[in-house]
Amino acid sequence: MGIAYRRVLLKLSGEALMGNLGYGIDPTVVQEIAAEVAEVVASGVQIAIVVGGGNIFRGVKGAARGMDRATADYIGMIATVMNAMTLQDALERMSVPTRVQTAIAMQEVAEPYIRRRAIRHLEKGRVVIFGAGSGNPFFTTDTTAALRAAEISADVIFKATKVDGIYDSDPHLNPGAKRYQSLNYGHVLTQDLRVMDSTAIALCKENNIPIMVFDLTVRGNIRRAVMGESIGTIVGDIYEVS
């Protein structure tokens, strides 16, 4: 089986980086993710990454505790930059050239986000990690992933989670929950399946960007996803609900 996708936007949650820890970053998990990304980059695939910050600070939770929502979201954006720099370090220790670009200016530690520069980095085989979300409060990193994927003309968004796809109900609460192999955007929105927020889904639909949801904790799944293997759930207008 050949490579199915040549330019990929990988969406990682902040929680994915903390492994079984209750908070922060698990270096072993970061190394494992970096090793998988390095393997895929070596095969000639261009990878951009959007990483969340929920392992350090989540804006919505901060706002729920009385903090100003915009302030809480900006703190969350800064947390994503910490995760981005951690991933960059892990990748570069594997000799993978990497650039962190941020939507909030932090010139001492990262480049500003410039679309053409990001695309050029990808063309040169560098992994580009987008930090600080979209630079705007009230928007999630899921929406950022959809936005950046559209801007760089990504072939697909990989949403790597701790679950092996999209289910019709919470598989942790319902042992009989059904896992979908494929879905269309409309079904995701009308059934409120919470794959990504509705703004992100609408952006993907408008720009015809498929979303593949799979389990990041299974070794080799990023490579399998790049090869087009059916390892989770794929969402797109061309797919039937199955």
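The values are calculated or read from the model by the stated rules, or taken from the named source; none is laboratory data. Quick caveat: nothing in here was measured; it's all calculated off a predicted structure. All Cβ positions, even for glycine, are placed from backbone atoms using ideal geometry, and neighbour counts span all protein chains on display.
A few comments on the model shown:
- Segment 91-107: number of residues that are of a type in the set (Gly, Ala, Ser) and under 19 Å from residue 124 (Cα atoms): 1
- When segment 155-173 is filtered for residues that are at pLDDT 95 or above and under 21 Å from residue 189 (Cβ atoms), the ones remaining, listed by number, are 156, 157, 158, 159.
- Of all residues in segment 131-178 being more than 10 Å from the chain's Cα centre (by Cα) and part of a strand (DSSP E or B), the one that is nearest to residue 58 (Cα to Cα): 131
- Some residue of segment 56-76 being under 24 Å from residue 124 (Cα atoms) and in a helix (DSSP H, G or I): no
- If only residues of segment 184-202 that are assigned to a helix (DSSP H, G or I) and surrounded by 19 or more Cβ atoms within 10 Å (Cβ to Cβ) are counted, the one that is nearest to the chain's Cα centre (by Cα) is 200.
- Close pairs from segment 72-87: first surrounded by 24 or more Cβ atoms within 10 Å (Cβ to Cβ), partner of a type in the set (A, V, I, L, M) and in a helix (DSSP H, G or I), Cβ under 6 Å, at least 6 apart: 83/17
- Subset of segment 215-225 (residues that are surrounded by fewer than 23 Cβ atoms within 10 Å (Cβ to Cβ), hydrophobic (A, V, I, L, M, F, W, C) and outside any loop (DSSP other than H, G, I, E, B)): none
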